[in-house]
1. Could you please let me know if GLU164 is open to solvent by 10 Å² or more (accessible area, probe 1.4 Å), closer than 25 Å to THR367 by Cβ and modelled with pLDDT under 80?
2. Can you go through GLY365, GLY294, GLY343 and tell me which one is closer than 27 Å to ALA173 by Cα, in contact with a Lys or Arg (Cβ under 9 Å, 6 or more places away or on another chain) and either open to solvent by less than 40 Å² (accessible area, probe 1.4 Å) or at pLDDT 75 or above (or both)?
3. Return the only residue of VAL159, VAL139, VAL116, VAL121 being buried (at least 23 other Cβ atoms within 10 Å of the Cβ) and without any contact (Cβ under 8 Å) to a residue 40 or more places away in the chain.
4. For the list (1) open to solvent by 10 Å² or more (accessible area, probe 1.4 Å); (2) β-branched (Val, Ile, Thr); (3) under 26 Å from the mean Cα position of the chain (by Cα), I need the number of the one condition that THR37 fails.
5. Report the residue count in the range 89-98 for those that are open to solvent by 10 Å² or more (accessible area, probe 1.4 Å) and not in a strand (DSSP E or B).
6. Could you list all residues from the range 164-173 that are part of a loop (DSSP other than H, G, I, E, B) and either of a type in the set (D, E, K, R) or touching a residue at least 24 places away in the same chain (Cβ under 8 Å) (or both)?
7. Return the residues of the range 51-88 that are outside any strand (DSSP E or B), β-branched (Val, Ile, Thr) and under 18 Å from VAL99 (Cα atoms); say none if nothing qualifies.
8. Only one residue in VAL116, VAL106 is touching a Leu at 6+ places or on another chain (Cβ under 6 Å), modelled with pLDDT under 95 and of a type in the set (A, V, I, L, M, F, W, C). Which one?
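The values are calculated or read from the model by the stated rules, or taken from the named source; none is laboratory data. Just so you know, these numbers come straight off a predicted model, no measurement behind them. Here the Cβ positions follow ideal geometry from the backbone for every residue, glycine too, while neighbour counts run over all protein chains shown. Side chains are part of the model used for accessible areas, which takes the heavy atoms of the whole protein and leaves out ligands, DNA and RNA. Shrake-Rupley method; radii C 1.70, N 1.55, O 1.52, S 1.80 Å.
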Amino acid sequence: MRTLAAHRVLAVLLGLAVLLPWALPIGAQVQDGATLTVLRGQVAVVRPDGSAVQPAPSGTVVRAGDEIRTLTETGALITFFVGTEIELGAETVLVVERVTRQGERVDVSLRQVLGVSLNRVQTFSDPGSAYRIDAGGAVALVRGTTFLLLGPTPEGIVVIVCLEDCDGRTTFAGVPLAPFIGYYAEVEGGRVVGRPVAFRPNREAGYWNAAFEAVTTALQEIQGDTRDRPAGQVPSGQRQEIRADIVRQERDDDDDKQTTTTTTTGTTTTTTTTTTTTTTTPGASACGASTESGGEGITETKHELGRTGGTFSFTYNAFSVPDQFDILYEGKVIFSTGEPVSGSDDVQVSYGPGTATTVTVRVTGPTGTAWTYTLGCPE
């Protein structure tokens, strides 16, 4: 009888297995969604159909298509999986586009409409896993990194700040990250305008303050001298125009410099006026005007110095992946790191006398690298 009963139980179980072919092992089930934790204030969750949960309590399940909004003096934490979460600052709007997990494979796609978020992403064991967050077209692709993302601001600035655990496996707008390195980028129309610019975050300030400091720096650098108009009050489409007008005016002023010399001999006074004309090389970048940045391969950039001899400063940063920096004048190397180097340095380089007023900076880097440099004007 016991044997017959056992066979009946086994038959029932087999029948259930046939009727439920969709049942998967627990470890292979797809998990869709994340959990909201309210840190302070009130948080709203807007569903894809337009309905809203406001105020949304802690424990609210957030799924693909949901939009999370924080108000002034509000904070929230979205926990996707163990070790992967995002903390939203005040006045932030985040859209969850996709969030799934099947076994060890994680797939998270987010869109930051505005505000600031601190992302803590676990190191993925499955190479097919992905964590993606898009801020105005500047996309961060992440694999096991903690970083803060700010923006896009009303002026079109997006800033990413990384501290000790960033490496080249994580990219921002296509540029590999590195420890204690931040980048800012200008976005317009859902895309990045130009290459991101690297900067050194203030470690003591922490993620949040370092990011806000970088926004001010970015606005000053991108807008340049905006004729006494405060940073942020110049429309993005006019920034390059204003800067170009100023550069042209400065060149016009330099092209017609006059030097007046007065010589007195006895009772006779002679006044001599000398006009100095400065020529610029078409296609050359101005010295001291901007920071060049790039990636893998060989990158050569010509810089106009305005003189046929002198000494200028050269500040470079190769970050964690080594790059080689060479400076050439009239075809001859006047400075070289000699081999690929990592880290940063600030050197003084002398050139001339010769006939050319330009030098060429050549940077050679491997796959996955990022670098930046600034070439000053001669003293």
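1. Values: open to solvent by 10 Å² or more (accessible area, probe 1.4 Å): yes; closer than 25 Å to THR367 by Cβ: yes; modelled with pLDDT under 80: yes.
Considered against the rule, which asks whether it is open to solvent by 10 Å² or more (accessible area, probe 1.4 Å), closer than 25 Å to THR367 by Cβ and modelled with pLDDT under 80, GLU164 comes out as yes.
2. Details: GLY365 fails: in contact with a Lys or Arg (Cβ under 9 Å, 6 or more places away or on another chain); GLY343 fails: in contact with a Lys or Arg (Cβ under 9 Å, 6 or more places away or on another chain).
Criteria check complete, one pass: GLY294.
3. Details: VAL159 fails: without any contact (Cβ under 8 Å) to a residue 40 or more places away in the chain; VAL139 fails: buried (at least 23 other Cβ atoms within 10 Å of the Cβ); VAL116 fails: without any contact (Cβ under 8 Å) to a residue 40 or more places away in the chain.
Of the residues listed, the single one that is buried (at least 23 other Cβ atoms within 10 Å of the Cβ) and without any contact (Cβ under 8 Å) to a residue 40 or more places away in the chain is VAL121.
4. It fails just one condition, (3).
5. Filtering the range 89-98 down to residues open to solvent by 10 Å² or more (accessible area, probe 1.4 Å) leaves 90-91, 93, 95, 97-98.
Going one step further and asking which of them are not in a strand (DSSP E or B), we end up with 90-91.
Adding up the residues that qualify gives 2.
6. GLU164, ASP165, ASP167, GLY168, ARG169, THR170, ALA173
7. Going through the range 51-88, the residues outside any strand (DSSP E or B) turn out to be 51, 54-60, 63-66, 71-74, 82-83.
From the residues that got through so far, the ones that are β-branched (Val, Ile, Thr) too are 60, 72, 74, 82.
Scanning the range 51-88 gives THR60, VAL82.
8. On the way: VAL106 fails: touching a Leu at 6+ places or on another chain (Cβ under 6 Å).
Exactly one of VAL116, VAL106 is touching a Leu at 6+ places or on another chain (Cβ under 6 Å), modelled with pLDDT under 95 and of a type in the set (A, V, I, L, M, F, W, C), namely VAL116.
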